[in-house]
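Engineer: This is the structure, below, for whatever I ask next.
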Amino acid sequence: MTERSVAGKGPTGQTGGGANVQWGGRFASGPSAIMREINASISFDKALWRQDIAGSLAHAAMLAKVGVISAEDEAAIRDGLDGIAKEIEAETFSFDEALEDIHMNIEARLSERIGEAGKRLHTARSRNDQVATDFRLWVRDAIDGVSGQTASLMRSLATRALEYADTAMPGFTHLQTAQPVTFGHHLLAYVEMLSRDAGRLADARKRLNECPLGSAALAGTSFPIDRRMTAATLGFDRPTANSLDAVSDRDFALEYLSALSIMAMHLSRLAEEIVIWCSAPFGFIRLSDAFTTGSSIMPQKRNPDAAELARAKVGRVAGSLISLLTVMKGLPLAYAKDMQEDKVPVFEATEAITLTLAACDGMIRDLLADAGRMRQFAGSGFSTATDLADWLVRVLKLPFRTAHHVTGRIVARAEADGVDLSDLPLSAMQEVDPQITEDVFSVLTVEASIASRTSEGGTSGVNVRQQAAAWLTRLDGEGS
């Protein structure tokens, strides 16, 4: 590697000053510029400042309660941290790369503001349990935010499903016309997917809700701390049970990213269908100017770019999961500096999923379905063939495999004659099976097919209205 030229540094890149004042007693000189740059995390972990201050306030209150620090020191720490929070919010706080991370930046500023009392804050804790606590708090907050957005999208889907409960559209397998369904039923399928995503997030939140603070570097502390007090103050259910595990565990982040990856995949599927439905060959829906863009050369174009970008975001989210899995693979207990690389993937995935949920919610609220065109295609491709087979079983008592064969021959005849099943003469059907009666035509329309699918979870309009209303009631109840 070629030597980097760093302004103000010697030929080795060594700093001109002393070691980092927060941990410099062991070191005679400061790190090289390269070391300082690779070691620093303040550029991204400053996002944890709220959680870091909250954890420090809880820790200081606990230290005062058990008599490790005085009440006067705790009051000074509290006032100092409140002042630092105001500085960061006002964007007047100066983040220093030489201090490496958010913990040292805040602690150094605290000592500047309140003197010796600030230096007592780090008693009975380490940056290892501090960052583990901060990160859990951040992920917990992120889960709450993403869960709220998920509920909003589910509500939008259920609302539109109720609106389109009787709007026929083709149901596909292999992207080939299979059977008629309703647009409302199709939208409710995504409500079910997202409900599972919400459940995974809730499960992840429950598992992460243990407090590492007090585990110190890896072995706990000799000070008479009250870990249950700090855990309760920070809204955790309990302290973590093993100090080694507490400082080295990132399962909570991996589980969160796993849940986001599955959700991103679901949203990508929805976005892909929106892209297909918007295309001219389909023309099932239309998005307004709010969620489409034009072309620099083709003035007629209306591109569903919001859907296409939502479709692509799964790469960022799933990539973040793989990134963190790779960081954690093979790490021995307890903490290792590799784990500094845990936050960026989580931050990036959260940003991506938050934007994708907002875009999908907006598009679902915005879209306008072309019911006539959907109905036209719902009856294409002999989509009521299964209804014919079911009629042969139900009325003529044919075994299903026999009915399947008879239906296949009738479909072949209709295809050869260039007509739909409902337009094929009864005489042509009777050439295949003489038992068929005029009553068969009662099941060959799209509307009859949809209305007949009353089995639990089926596509009938009655079912869709019940399910959509039930989801809206449930979501409104959970949001209250």
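The values are calculated or read from the model by the stated rules, or taken from the named source; none is laboratory data. Only a predicted model underlies this, so the values are computations on that prediction, with no experimental measurement involved. When we count neighbours, we look across all protein chains shown, and the Cβ atoms used for this are built from the backbone with ideal geometry, even at glycine. For accessibility, only protein heavy atoms count, side chains too; no ligands or nucleic acids. Shrake-Rupley method; radii C 1.70, N 1.55, O 1.52, S 1.80 Å.
Engineer: Go over the candidates PHE135, PHE95 one by one and state the one that is surrounded by 15 or more Cβ atoms within 10 Å (Cβ to Cβ), touching a residue at least 12 places away in the same chain (Cβ under 8 Å) and not in a helix (DSSP H, G or I).
Structural biologist: Exactly one residue qualifies, and that residue is PHE95.
Engineer: Does region 105-113 contain at least one residue that is touching a Pro at 6+ places or on another chain (Cβ under 7 Å) and either free of Cβ contacts under 8 Å to residues at least 24 places away in the same chain or hydroxyl-bearing (Ser, Thr, Tyr) (or both)? Break it down into steps so the answer makes sense when it comes.
Structural biologist: First, pick out the residues of region 105-113 that are touching a Pro at 6+ places or on another chain (Cβ under 7 Å): none.
No, the conditions are met nowhere in region 105-113.
Engineer: So, in region 200-244, exactly how many residues are open to solvent by 70 Å² or more (accessible area, probe 1.4 Å) and part of a strand (DSSP E or B)?
Structural biologist: Qualifying residue count, region 200-244: 1.
Engineer: Then there is this: Does VAL247 count as in a helix (DSSP H, G or I), more than 26 Å from THR133 (Cβ to Cβ) and over 15 Å from the mean Cα position of the chain (by Cα)?
Structural biologist: no
Engineer: Please determine, by comparing only the residues of region 438-456 that are without any contact (Cβ under 8 Å) to a residue 24 or more places away in the chain and over 24 Å from GLY372 (Cβ atoms), which one is nearest to the chain's Cα centre (by Cα).
Structural biologist: Here the residue is GLU456.
Engineer: Could you tell me which numbered condition THR354 fails, if it satisfies all but one of (1) without any contact (Cβ under 8 Å) to a residue 40 or more places away in the chain; (2) touching a Gly at 6+ places or on another chain (Cβ under 9 Å)?
Structural biologist: (1)
Engineer: A follow-up question, please. Criterion first (loosely packed, with under 14 Cβ neighbours inside 10 Å, in contact (Cβ under 8 Å) with a residue 12 or more places away in the chain, closer than 25 Å to GLY184 by Cβ and not hydroxyl-bearing (Ser, Thr, Tyr)) does GLU431 satisfy it?
Structural biologist: For GLU431, the condition - loosely packed, with under 14 Cβ neighbours inside 10 Å, in contact (Cβ under 8 Å) with a residue 12 or more places away in the chain, closer than 25 Å to GLY184 by Cβ and not hydroxyl-bearing (Ser, Thr, Tyr) - is not met.
Engineer: Checking GLU456 against (1) open to solvent by less than 30 Å² (accessible area, probe 1.4 Å); (2) closer than 28 Å to ALA189 by Cα; (3) not β-branched (Val, Ile, Thr), which test does it fail?
Structural biologist: Checking GLU456 against (1) open to solvent by less than 30 Å² (accessible area, probe 1.4 Å); (2) closer than 28 Å to ALA189 by Cα; (3) not β-branched (Val, Ile, Thr), the one that fails is (1).
Engineer: Six or more apart or on different chains, Cβ atoms under 6 Å: show the pairs whose first residue is in region 39-54 and touching a residue at least 40 places away in the same chain (Cβ under 8 Å) and more than 13 Å from ILE106 (Cβ to Cβ) and whose second is open to solvent by 10 Å² or more (accessible area, probe 1.4 Å) and aliphatic (A, V, I, L, M).
Structural biologist: PHE44/VAL344
Engineer: Identify, from the list PHE223, PHE291, PHE236, PHE282, the residue that is aromatic (Phe, Trp, Tyr), out of contact with any strand residue (DSSP E or B) (no Cβ under 9 Å at 6 or more places or on another chain) and within 30 Å of VAL68 (Cα to Cα).
Structural biologist: Residue meeting the stated conditions: PHE223.
Engineer: Being open to solvent by less than 30 Å² (accessible area, probe 1.4 Å) and of a type outside the set (Ser, Thr, Tyr) narrows it down to one residue among GLY67, GLY83; which is it? Walk me through it before giving the result.
Structural biologist: Working: GLY67 fails: open to solvent by less than 30 Å² (accessible area, probe 1.4 Å).
Within the list GLY67, GLY83, the selection yields GLY83.
Engineer: In region 119-132, how many residues are in a helix (DSSP H, G or I) and surrounded by fewer than 24 Cβ atoms within 10 Å (Cβ to Cβ)?
Structural biologist: 3
Engineer: Let me ask another. What is the number of the single condition among (1) closer than 30 Å to LEU157 by Cα; (2) out of contact with any Phe, Trp or Tyr (no Cβ under 9 Å at 6 or more places or on another chain); (3) open to solvent by 20 Å² or more (accessible area, probe 1.4 Å); (4) at pLDDT below 95 that PHE377 does not meet?
Structural biologist: Answer for PHE377: the failing condition is (2).
Engineer: Which one is surrounded by the most Cβ atoms within 10 Å (Cβ to Cβ) among residues in region 245-260 that are more than 14 Å from ALA349 (Cβ to Cβ) and of a type in the set (Asp, Glu)?
Structural biologist: ASP249
Engineer: Of all residues in region 168-190, count the ones that are surrounded by fewer than 23 Cβ atoms within 10 Å (Cβ to Cβ) and among the aliphatic types (A, V, I, L, M).
Structural biologist: Adding up the residues that qualify gives 3.
Engineer: Out of all the residues in region 98-118, is one or more open to solvent by less than 20 Å² (accessible area, probe 1.4 Å) and outside any helix (DSSP H, G or I)?
Structural biologist: Yes.
Engineer: Is it the case that ALA389 is touching a residue at least 24 places away in the same chain (Cβ under 8 Å) and either part of a helix (DSSP H, G or I) or over 30 Å from ALA416 (Cα atoms) (or both)? Show your work before the answer.
Structural biologist: Details: touching a residue at least 24 places away in the same chain (Cβ under 8 Å): no; either part of a helix (DSSP H, G or I) or over 30 Å from ALA416 (Cα atoms) (or both): yes.
Criteria not met by ALA389.
Engineer: While we're here: Give the residue, chosen from GLN14, GLN22, that is closer than 30 Å to MET229 by Cβ, at pLDDT below 95 and open to solvent by 30 Å² or more (accessible area, probe 1.4 Å).
Structural biologist: GLN22 is the lone residue from the list that is closer than 30 Å to MET229 by Cβ, at pLDDT below 95 and open to solvent by 30 Å² or more (accessible area, probe 1.4 Å).
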